[in-house]
Amino acid sequence: MNDRVAGGGVPLKEAKVRATPKGRGVDPLALAEVQALLGSAPRRRDLLIEHLHRIQDCYGHLSDRHLAALAQEMRLALAEVYEVATFYHHFDVVKDGAAPPAATTVRVCDSIACELAGARELLDRLPGMLGRDVRVVHAPCIGRCESAPAAVVGRHPVLNATPEAVKALVAKRAVEHPDAKPVKKAAEVDVLAYNPARGVSPGYVGYDAYRAAGGYRLIADCLADRRTREDVTRTMEDAGLRGLGGAGFPAGRKWRIVAAEPAPRVMAVNIDEGEPGTFKDRYFLERDPHRFLEGMLVAAWAAGVGEIYVYLRDEYAGCRGLLEHELARLKAAPPCALPPIHLRRGAGAYICGEESAMIESIEGKRGMPRLRPPYVAQVGLFGHPTLEHNMETVFWVREIVERGAAWFAGHGRNGRKGLRSFSVSGRVRKTGVHVAPAGITVRELVDEHCGGMLDGHELYAYLPGGASGGILPASMSDIPLDFDTLNKHGCFIGSAAIVILSQHDRAVDAARNLLRFFRDESCGQCTPCRVGTAKALSLMERPKWDRALLEELCQAMADASICGLGQAAPNPIRCVVKYFAHELE
């Protein structure tokens, strides 16, 4: 008997040493496959989502065996890997013994603009047309609202989609990948590739053309002390540029706040525009990416930032190829000293458009909003003071600094100042991004920029700020569209996503669509949002609304939700009750 005893005189048994780590065993073949995919890439915790993408891109799903191998390779608990993999829509986690998903997945957007354009017909007809070897799933907004209805086959968007067009692309893909075997090289991954010879849109401005037109001269002047941080920051303040991702915080003031924090400071650029009806960031990125990149560099310089992270939504596969190409050109022939610039890929989560949830995702975690304070300008990415900006905000920086604050502020109507990029979808002749004066009314926007309403359609209602911004009737179409002008009506402009409804639509149906989106996209962290959105939708689907109960629920969500998703989810409900009560009778 062992002579070691416990305090009470009970003999202690020898501790057994495990031959393998506790938990799921790691398949040697799976480990070798993961190691081959990762290659020499660092195994840092913040790269977890990037590494999950590598596996998903190669095999079309995430198996338990590969997740266990990845956990061992990254020295993480399997639970950490599993909770991240199961959080994001674009990761398909397949448990042991379960059949993997079909080789081809077709995602059909059923958010508000696509539903208006006939997405339901696609979802109803495609499964029967495509057969069992193709998976058809509904998807939240994919940022193609101007070409609704939209679908995605693999990574390839189908614009103004018809069942026949989707079927044709599925057949083409089957010919290109007849055996549906895993692909091993990035170049073979089914992605909408960027073609550097032609760009992705007419009039595309690549690196050489941008430099030839004076591009990157501003940031070179800044770094050479031909401009001062104070002068550039004051220009932004005088111009009145506010954050164009939705919150509307003054850009110049944000630079000052971050610059006053101790170094090191970092920057996070948000291109995760998942708000239904919004596609302006993609529009600019597909046409003039270096204007955005130079504005980003100027903002980073002004705030004393030493490292930049760009977070791009996974739905924009073509934009990712574009950015990778143009960043490589920029780094290969830099016009000046560049800070480290990292491109990070989202994985399908609307909540990551919220700045702190985006930061969590960049760090390789579930995209759940943080409680504030502290604010991200104080304690943000990796614990450092962080300058967070929407892509379009920095897109304007070069033009404002070069032309002067008075140029930008000189635009505007109805007492407002500046320019806004309106993403317009719905029942108008010319959908798309329209740059117009801040303060323009929706009636003016439709008539002057959108070519009027479609034949047979009259303006009935509109969403002034995407899914979150509420719904207003045509009788209120003369309200100036800008920050703060809509608040007293229970709405807001947000990212300026305008969805136009006609007399053939109902605000009640639109509100149900929006609440379905909020329910599906709630991160689940807080009870008022997680339970409230689901309960609200169930009440809205009844033949007769219990308005008193719905209002009680709306107040609880608005008061107690952690972030803007739950706080804004009541807006469409309240707008229907206030402005479209006749639809509830």
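The peptide list 383-393, 238-248, put in order of mean Cβ contacts within 10 Å with the highest first, becomes 383-393, 238-248.
The range 428-484 and the range 487-552 have Cα centres separated by 20 Å.
For the pair Ala32 and Glu230, label points projected 7 Å from Cα toward Cβ lie 6.6 nm apart.
The residues of the chain present an accessible area of 42 Å² per residue when probed at 1.4 Å with all protein chains retained. The label point for Arg45 and the one for Arg329, both projected 7 Å from the Cα toward the Cβ, are 3.8 nm apart.
In this structure, Ala99 and Glu399 have a Cβ-Cβ separation that, at R0 = 45 Å, corresponds to a calculated FRET efficiency of about 0.25.
Over the C-alpha trace of the range 395-543, radius of gyration and Dmax come out as 17.2, 57 angstrom. In the chain, the inverse of the mean reciprocal separation of distinct Cα atoms equals 25.4 Å; this is its Kirkwood hydrodynamic radius. Rolling a 1.4 angstrom probe over the chain with all protein chains present gives an accessible area of which 52% lies on carbon and sulfur atoms. Label-to-label distance for Lys172 and Arg413 is 4.0 nm, based on points extended 7 Å past Cα in the beta-carbon direction.
Need the full-extension length gain, Cys336 to Arg547, defined as separation in residues times 0.36 nm minus the C-alpha distance. One decimal, nm.
Taking 0.36 nm per residue and subtracting the Cα distance, the gain is 69.9 nm.
Residue ranges 204-211, 140-147 sort as 140-147, 204-211 when ordered by packing (mean number of other C-beta atoms within 10 Å per residue, highest first).
The values are calculated or read from the model by the stated rules, or taken from the named source; none is laboratory data. Keep in mind the model is a prediction, meaning the values are calculated, not measured. Quick reminder, even Gly has a Cβ in these numbers, built from the backbone with ideal geometry, and neighbours come from all protein chains shown. Ligands, DNA and RNA are excluded from the accessible area calculation, which covers all protein heavy atoms including side chains. Shrake-Rupley method; radii C 1.70, N 1.55, O 1.52, S 1.80 Å.
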